[in-house]
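What follows is one structure encoded as structure tokens, with my remarks underneath.
Values quoted throughout were computed directly from the atomic coordinates according to the rules given, and no laboratory measurement underlies them. These numbers were taken from a predicted model, which means no experiment stands behind them. When we count neighbours, we look across all protein chains shown, and the Cβ atoms used for this are built from the backbone with ideal geometry, even at glycine.
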Amino acid sequence: MQFKEEKKTRKNSAKPDSYSMGKENTNHHSYMLNSHQVSNKIDNDIVAEQQQTILQMRETIEILELKIKKLESLVKIKDSKIMSLTNKVQSSGMA
């Protein structure tokens, strides 16, 4: 009889009560949520930073494209002046 009582005691003590089991799961679950939330926040911060970098790079590209157009127009003006001066030199017989 004593042996049967010991079995019952061990059997009952081996089972976690539902409150503590639920609490452990809840803590683990909230840790997972917090970890997930932190991960999402970090991901969102990285995405925002990358979007800002992309925006700055696009602005830089626009500025560089305007500078290229300006330089191309200056080259055309220079070519035109060189051509005009070459024609004057040739027509005056100096060349």
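For residue 38 and residue 61, what is the calculated FRET efficiency with R₀ set at 35 Å and r taken between the beta-carbons, to the nearest 0.05?
Working: r = 35 Å, r/R0 = 0.99.
Step by step, r from the Cβ atoms, then E = 0.50.
If R₀ is 41 angstrom, what is the calculated FRET efficiency for the pair residue 79 and residue 53, using the beta carbon separation as r and rounding to 0.05? List each step's numbers first, then the result.
Details: r = 38 Å, r/R0 = 0.94.
Efficiency at R0 = 41 Å is approximately 0.60.
Distance in nm between label sites at residue 71 and residue 94, each 7 Å beyond Cα in the beta-carbon direction?
Modelled inter-label distance: 3.1 nm.
Where nothing but the Cβ of Lys and Arg (+1) and of Asp and Glu (-1) is charged, how large is the charge dipole of region 48-95 around its Cα centre, in debye to the nearest 20?
So the magnitude is around 420 debye.
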